[in-house]
Structures are given as structure tokens and as C-alpha cells.
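Report on one structure; see the data block that follows.
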Amino acid sequence: MSTRLQQHIIPATLVLGLALTVAVLSFTREPAESFLFPRLISVVMLLLAIWNFLRAILGLAKVGTGVSAATFKTIAPGVLVMVVYCFYAAKTLGFYVAGTTAFFVLYSWYDAHSHKALSSWVRRIVVTAVFMAVIYGLFSLLLKVQTPRGMFL
């Protein structure tokens with residue numbers, strides 16, 4: 001298999017398929033008014049995925065060396081947390097509780113500061129709380145997006 005195929009066309013095809021799936025789902029779910037924001041985002045992501053796919057097919061995407069084993073090992077925990085969050089935690093625990101947990105775990109995992117220092121844990125907690133307050137204000141108050149409700153809302 002050629003390097004160009006591995007590095008550009010296959011990932012571009014997978015991203016296009018995912019973007020198309022998300023766009024179709026956002027336009028086929030009810031109540032329609034609850035999906036206005038996801039529809040907007042999914043259309044933008046679909047357009048970017050189409051552009052990326054066309055660049056890969058036409059050979060214009062020539063940047064990058066692929067994902068090395070070391071890079072994959074570095075990003076794997078984050079991908080795992082996001083998969084659990086998207087497919088299980090958000091529905092079970094609720095958007096905000098699961099989002100807080102996922103953000104805190106990812107921030108703690110990838111934070112370069114010492115995990116032994118109390119000040120770094122305080123910083124992680126404060127940054128997580130501020131981030132989730134912004135997310136709550138954005139989604140619930142400003143955009144009025146219906147988020148998944150779980151056992152903890």
C-alpha cells in the first residue's frame with residue numbers, strides 16, 4: 001500500500017464518513033429546534049471533510065509523516081477517554097458530570113506539572129470548574145442546546 005494512500009486518502013475517507021454520519025443524524029433527529037446548533041456544526045465539519053478528501057484524492061495533501069507508534073501511544077489514553085465519554089458516560093451520567101470528569105481526567109493525564117504537588121491539583125480543579133462553567137453558559141444559557149441528561153443531570 002502506498003504511503004500517500006495510508007497517510008492521506010484512508011484517513012480523509014474515514015473522516016468524511018464520520019462527518020457525513022454526524023450530519024445525517026443531526027438532520028434526522030427530533031425535536032428539530034434542539035438540533036439547530038449540532039446541524040450548523042455538522043454542516044461545517046462536513047464541508048471541511050469534503051475539502052480534505054478532495055485534497056487527498058488530488059494529491060494536494062502532502063504534509064505529514066503519518067502517526068508513529070510513539071505518537072499513537074501518547075494519544076491513545078485521550079482517545080479512550082473520549083470514546084467512553086461519547087458512547088457511554090454522557091448518556092449515563094449526564095453531559096455536565098461526564099464532561100467535567102472527562103476534562104479533568106484528560107487535563108490531569110496530559111498536564112506536565114507534578115502530580116505530587118497540591119498546587120497542581122488545585123489548578124486542575126479550578127481550570128476544570130471554569131471550563132465547565134463556560135461550557136454550561138455557552139450551551140445551556142446562550143445556545144439553549146438540549147444536552148444529554150443522565151442520572152446526575
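Once region 14-40 is narrowed to residues that are surrounded by fewer than 16 Cβ atoms within 10 Å (Cβ to Cβ) and modelled with pLDDT of 90 or more, the residue that is farthest from the chain's Cα centre (by Cα) is Val24.
Where helices (runs of 4 or more DSSP H) fall wholly inside region 28-134, the ranges with 2 or more residues that are touching a residue at least 24 places away in the same chain (Cβ under 8 Å) and of a type in the set (Phe, Trp, Tyr) are 36-57, 95-110. Within region 91-109, the residues that satisfy the criterion of being within 8 Å of Gly150 (Cβ to Cβ) and over 14 Å from the mean Cα position of the chain (by Cα) are Lys91, Thr92, Leu93, Gly94, Val97. If a residue must be surrounded by 13 or more Cβ atoms within 10 Å (Cβ to Cβ) and of a type outside the set (D, E, K, R), how many such residues does region 99-124 contain? Number of matching residues: 12. Can you confirm whether region 67-86 contains a residue that is β-branched (Val, Ile, Thr) and touching a Phe, Trp or Tyr at 6+ places or on another chain (Cβ under 7 Å)? There is no residue in region 67-86 that is β-branched (Val, Ile, Thr) and touching a Phe, Trp or Tyr at 6+ places or on another chain (Cβ under 7 Å).
The values are calculated or read from the model by the stated rules, or taken from the named source; none is laboratory data. Please read all numbers here as calculations on a predicted model, not as lab measurements. Cβ sites come from the backbone with ideal geometry, for glycine too, and all protein chains shown count toward neighbours.
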